[in-house]
Amino acid sequence: MTGQNGTPLLSVQGAKTYYGKIIALKGVDVDVHKGEIVTLIGANGAGKSTLMMTICGNPRAREGRIFFEGRDITEMPTHEIARLRIAQSPEGRRIFPRMTVLENLQMGAALDKLAHFDEDVERMFTLFPRLKERIGQRGGTLSGGEQQMLAIARALMARPKLLMLDEPSLGLAPLIVKQIFDVIGELNRTEGLTVFLVEQNAYHALKLAHRGYVLVNGVVTMSGTGKELLQKPEIRAAYLEGGAH
Amino acid sequence: MAEATVKKHGPDLSAAVKDALLSGLIALGLFGPLVGLRTEQNIRNELVVQGRWGLLASVIAVIIVGRFLLLTLVWPAMAARKERVTPAEAPSPVRQTLSRWFAPASLIFLFLYPAIVVSLLGFQGSLKWVDNFGIQILIYVMLGWGLNIVVGLAGLLDLGYVAFYAVGAYSYALLSTHFGFSFWILLPMAGIFAALWGIMLGFPVLRLRGDYLAIVTLAFGEIIRLVLINWRDLTNGSSGISSIPKITLFGIKFDASPTGFAKMMDLPVSSAYYKIFLYYLILLLALLTAFVTIRLRKLPVGRAWEALREDEIACRSLGINTTNTKLTAFALGAMFAGFAGSFFAARQGFVSPESFTFMESAIIVAIVVLGGMGSMVGVALAAVAMIGGTELLRELAFLKTIFGDNFNPDQFRMLIFGLAMVGIMIWKPRGFVSSRQPTIFLAEKKAIAGTLVKEGHG
């Protein structure tokens, strides 16, 4: 499944990102190959979300390069990066609260001018039957789990080549987290969807992912397959002991 | 004063009467000397005491009746409302039918309005009602709908909207007085000019958000006004431009000349025809604004506006060019203000910077906010309430019989206005019409009350 040969789909090379004078990423290298689920784990403030936002061009990397399908996207505006079919489900979900579930999905399909909208909506409702029940309801009235499902479904409506998820498990009950991770795994197996997953919930993320990176204070300290990382004592000590299993 | 004992099952009437009378007594004690007696000096510097018993009686009557109504109706109703547990309550069927038929019914009324007024009051008597109420309100309905695109849909707080109105008005005033172009050529041109100004302003400032954008647009509104005052060679400064040509109906003038409308139609000469013609013109212009807005809401750009209002970052991550989206909203809103401005100039026959003060922008923003951001019907209702209300206050001269000849209801306009707005913001914090109609459905329509929905962030 993990075709590691050839150029990676997404390649972050030595990215350094600053917030003003504060350095948040101190030269990060991350590769995501086609068909992979790659996860990035780390504690609060390690720079996980910053990396994901840097890939989307906001904030921009001050040094280093980011390539997507071999193309340099470091200087591209955010909306053009999204048009390359990098779909992002941002941290905090950021669904449109006053718009209905269906309208939210419609916004996700804006890139293709709704060319295959009906078909894709059906597919989303198969993946997330809960959303179908809520179809005419405003996004802001959904529960946290439903909002997360909606955020992922909205991102998928763009038929992405790369799906980036920022902490989909944030603030959700373990059962819902499992449901969402199951859907991601299934999409990867059946459709070969490439996923870049930023997570604090290290156990679930590493179990799901083919490969993982560990980010500490803006530096990648470890990388390997999900299984390898799960076995490492340092990781067990730092991210798993006492965590949600 | 007796405590208001509100019982659960109906108010206690006799207690309420007693309480109200007691309040009246207290009011008599308080207002008797304050209001009832008035001292004045006569020519010989003697103090003369005058009684104002009529005024005193009406004040006390208001207090007694008000207290009684509070005790028997208002407070019990409020207590009952508090007691009723209101879970996510769907709009009642009556309300749904009302909201479905309200817009078409009022549209028919608007088209029949001049005919109704003329048949009731005759041509001469209709002037005030068609002009002061009809046209005046419709101009603000149009401005409200135009600004609704910017503020209500795209969520960009524009406090300088009147600048585009001014651009439209001066475009017509200058080009028609200097070059003699007709209104029908200048109407689209005024719109285009205003839209260009919208883009010129929008381009540098649309990176700003929220409060910052509001301040810059506010400044822009003032800049335009100050330029109009100080660029005397072009705009004639604060004395303004007068004798602006009137609008013609395909070349037919509305005057007493042999080729004028009245003579051609073999009607007695009256200025009412022109006013009625203007009424229908502004009605059509306003409806054009509404039509364009309603259509655009269902197109990608309209959806992008609304999404932008909800969450800008999410929009960008979905591949929407937020700068262009904002610019289109800004330019389109400005264009409609330009249309309205050129109409305004033609209707008044006179423009001066006086008409384009910040107060005007504030009123238009208030109309949009009061109406419920994004709701067409709500904005129209708010325009009727705000502008019609102001005009109605001019009609309150009969109050002089109660309050004496020095009473000038116009002076209280702003006070009443302020109170009304505070009241509305307390009871209807999301405006008159707070529900938002979705633009796409799979199943049947279902309106959901705006109170169920929390604000977006970002």
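Would you tally the residues in the range A:18-49 being closer than 23 Å to A:LEU170 by Cα, away from chain B (no Cβ under 14 Å) and hydroxyl-bearing (Ser, Thr, Tyr)?
1
What about A:THR126, is it touching a Leu at 6+ places or on another chain (Cβ under 8 Å) and hydroxyl-bearing (Ser, Thr, Tyr)?
Working: touching a Leu at 6+ places or on another chain (Cβ under 8 Å): no; hydroxyl-bearing (Ser, Thr, Tyr): yes.
Here the answer is no, as A:THR126 does not meet what is asked.
Out of curiosity, is B:LEU285 of a type in the set (A, V, I, L, M), closer than 23 Å to B:PRO245 by Cα and assigned to a helix (DSSP H, G or I)?
Numbers: of a type in the set (A, V, I, L, M): yes; closer than 23 Å to B:PRO245 by Cα: yes; assigned to a helix (DSSP H, G or I): yes.
Yes, satisfied.
Residues to consider are B:ILE149, B:ILE139; find the one that is in contact with a helix residue (DSSP H, G or I) (Cβ under 8 Å, 6 or more places away or on another chain), β-branched (Val, Ile, Thr), surrounded by fewer than 24 Cβ atoms within 10 Å (Cβ to Cβ) and touching a residue at least 60 places away in the same chain (Cβ under 8 Å).
Numbers: B:ILE149 fails: surrounded by fewer than 24 Cβ atoms within 10 Å (Cβ to Cβ).
Just one listed residue meets the conditions, B:ILE139.
Can you spot a residue in the range A:128-139 that is touching a residue at least 12 places away in the same chain (Cβ under 8 Å) and either β-branched (Val, Ile, Thr) or within 27 Å of A:ASN44 (Cα to Cα) (or both)?
Applying the first criterion (touching a residue at least 12 places away in the same chain (Cβ under 8 Å)) to the range A:128-139 yields A:128, A:130-131, A:134-139.
With either β-branched (Val, Ile, Thr) or within 27 Å of A:ASN44 (Cα to Cα) (or both) added as a condition, the list becomes A:135.
There is at least one residue in the range A:128-139 that is touching a residue at least 12 places away in the same chain (Cβ under 8 Å) and either β-branched (Val, Ile, Thr) or within 27 Å of A:ASN44 (Cα to Cα) (or both).
Quick test for you: out of A:ALA153, A:ALA87, A:ALA158, pick the one residue that is within 13 Å of another protein chain (Cβ to nearest Cβ), closer than 25 Å to A:SER49 by Cβ, assigned to a helix (DSSP H, G or I) and not aromatic (Phe, Trp, Tyr).
Numbers: A:ALA87 fails: assigned to a helix (DSSP H, G or I); A:ALA158 fails: assigned to a helix (DSSP H, G or I).
Step by step, each of A:ALA153, A:ALA87, A:ALA158 is checked, and only A:ALA153 is within 13 Å of another protein chain (Cβ to nearest Cβ), closer than 25 Å to A:SER49 by Cβ, assigned to a helix (DSSP H, G or I) and not aromatic (Phe, Trp, Tyr).
Picking from A:GLU146, A:GLU119, which residue would you name as being more than 10 Å from chain B (Cβ to nearest Cβ), part of a helix (DSSP H, G or I), touching a Lys or Arg at 6+ places or on another chain (Cβ under 9 Å) and not hydroxyl-bearing (Ser, Thr, Tyr)?
Numbers: A:GLU119 fails: touching a Lys or Arg at 6+ places or on another chain (Cβ under 9 Å).
Result: A:GLU146 is the single residue among A:GLU146, A:GLU119 that is more than 10 Å from chain B (Cβ to nearest Cβ), part of a helix (DSSP H, G or I), touching a Lys or Arg at 6+ places or on another chain (Cβ under 9 Å) and not hydroxyl-bearing (Ser, Thr, Tyr).
Checking the structure you have, find out if any residue of the range B:319-336 is of a type in the set (Ser, Thr, Tyr) and in a loop (DSSP other than H, G, I, E, B). Before you say what the answer is, go through the steps one by one.
Going through the range B:319-336, the residues of a type in the set (Ser, Thr, Tyr) turn out to be B:322-323, B:325, B:328.
Then keep just the ones that are in a loop (DSSP other than H, G, I, E, B); that gives none.
For the range B:319-336, residues of a type in the set (Ser, Thr, Tyr) and in a loop (DSSP other than H, G, I, E, B): absent.
I'd like to know if the range B:202-215 contains one or more residues that are surrounded by 14 or more Cβ atoms within 10 Å (Cβ to Cβ), among the basic types (Lys, Arg), free of Cβ contacts under 8 Å to residues at least 60 places away in the same chain and more than 20 Å from B:PRO353 (Cα to Cα).
no
Going by what's in this entry, would A:PHE96 be described as under 22 Å from A:VAL177 (Cβ atoms), at pLDDT 90 or above and buried (at least 18 other Cβ atoms within 10 Å of the Cβ)? Can you show your working first?
Working: under 22 Å from A:VAL177 (Cβ atoms): no; at pLDDT 90 or above: yes; buried (at least 18 other Cβ atoms within 10 Å of the Cβ): yes.
Against the criterion (under 22 Å from A:VAL177 (Cβ atoms), at pLDDT 90 or above and buried (at least 18 other Cβ atoms within 10 Å of the Cβ)), A:PHE96 does not qualify.
Could you list, in sequence order, the residues of the range B:255-272 that are outside any loop (DSSP other than H, G, I, E, B) and in contact (Cβ under 8 Å) with a residue 24 or more places away in the chain? Step through it out loud before you land on a result.
Taking the range B:255-272 first, the residues outside any loop (DSSP other than H, G, I, E, B) are B:261-264, B:272.
Matches in the range B:255-272: B:ALA272 only.
Residues in the range A:54-79 that are over 21 Å from A:HIS33 (Cα atoms), modelled with pLDDT of 90 or more and facing chain B (nearest Cβ under 9 Å): how many?
Summing the residues that are over 21 Å from A:HIS33 (Cα atoms), modelled with pLDDT of 90 or more and facing chain B (nearest Cβ under 9 Å) in the range A:54-79 gives 3.
If you take the residues of the range B:305-321 that are at the interface with chain A (Cβ under 7 Å from one of its Cβ atoms) and in contact (Cβ under 8 Å) with a residue 12 or more places away in the chain, which of them is farthest from A:ILE95 (Cα to Cα)?
Taking the range B:305-321 first, the residues at the interface with chain A (Cβ under 7 Å from one of its Cβ atoms) are B:306-307, B:310-311, B:313-314, B:316-321.
Filter once more, so that each one left must be in contact (Cβ under 8 Å) with a residue 12 or more places away in the chain: B:306-307, B:310-311, B:313-314, B:320.
Details: B:GLU306: 12, B:ALA307: 9, B:GLU310: 8, B:ASP311: 8, B:ILE313: 10, B:ALA314: 7, B:ILE320: 14 Å.
The extreme case among them is B:ILE320.
So which of A:LEU170, A:LEU142 is within 19 Å of B:ASP311 (Cβ to Cβ) and crowded, with 18+ Cβ neighbours inside 10 Å? First the steps, then the outcome.
Details: A:LEU170 fails: crowded, with 18+ Cβ neighbours inside 10 Å.
Among A:LEU170, A:LEU142, only A:LEU142 is within 19 Å of B:ASP311 (Cβ to Cβ) and crowded, with 18+ Cβ neighbours inside 10 Å.
Residues that are under 25 Å from B:ALA380 (Cα atoms): list the helices (runs of 4 or more DSSP H) wholly contained in the range B:15-131 that include at least 2 such residues.
In the range B:15-131, the matching helices (runs of 4 or more DSSP H) lie at B:93-128.
Checking the conditions here, which among B:PHE343, B:PHE356, B:PHE339 is crowded, with 24+ Cβ neighbours inside 10 Å and touching a Lys or Arg at 6+ places or on another chain (Cβ under 9 Å)? Reasoning before the result, please.
Working: B:PHE343 fails: touching a Lys or Arg at 6+ places or on another chain (Cβ under 9 Å); B:PHE339 fails: touching a Lys or Arg at 6+ places or on another chain (Cβ under 9 Å).
One residue alone meets the criteria, B:PHE356.
Name every residue in the range A:90-116 that is closer than 22 Å to A:LEU172 by Cα, more than 7 Å from chain B (Cβ to nearest Cβ) and either among the acidic types (Asp, Glu) or out of contact with any Leu (no Cβ under 8 Å at 6 or more places or on another chain) (or both), in order of residue number.
A:GLU91
From (1) in a helix (DSSP H, G or I); (2) buried (at least 24 other Cβ atoms within 10 Å of the Cβ); (3) among the charged types (D, E, K, R), pick out the condition that doesn't hold for B:ASP158.
Looking at each condition in turn, B:ASP158 falls short on (1).
Would a scan of the range B:40-50 turn up a residue that is surrounded by fewer than 17 Cβ atoms within 10 Å (Cβ to Cβ) and acidic (Asp, Glu)? Spell out how you get there, then give the answer.
So in the range B:40-50, the residues surrounded by fewer than 17 Cβ atoms within 10 Å (Cβ to Cβ) come out as B:40-50.
Filter once more, so that each one left must be acidic (Asp, Glu): B:40, B:46.
The answer is yes, given that some residue of the range B:40-50 is surrounded by fewer than 17 Cβ atoms within 10 Å (Cβ to Cβ) and acidic (Asp, Glu).
Report yes if some residue within the range B:130-147 is more than 30 Å from B:ALA346 (Cβ to Cβ) and either aromatic (Phe, Trp, Tyr) or not assigned by TED's automatic domain parsing to the domain that holds B:SER342 (or both); otherwise report no.
Our first condition is that a residue be more than 30 Å from B:ALA346 (Cβ to Cβ); within the range B:130-147, this holds for none.
Within the range B:130-147, none of the residues are more than 30 Å from B:ALA346 (Cβ to Cβ) and either aromatic (Phe, Trp, Tyr) or not assigned by TED's automatic domain parsing to the domain that holds B:SER342 (or both).
Which residue, of B:ARG207, B:ARG297, B:ARG225, is within 14 Å of another protein chain (Cβ to nearest Cβ) and within 27 Å of B:ILE137 (Cβ to Cβ)? Walk me through it before giving the result.
On the way: B:ARG207 fails: within 27 Å of B:ILE137 (Cβ to Cβ); B:ARG225 fails: within 14 Å of another protein chain (Cβ to nearest Cβ).
Answer to the check: B:ARG297.
The values are calculated or read from the model by the stated rules, or taken from the named source; none is laboratory data. Model, not experiment: these values are computed from the prediction. Here Cβ is always computed from backbone atoms with ideal geometry, including for glycine, and neighbour counts include all displayed protein chains.
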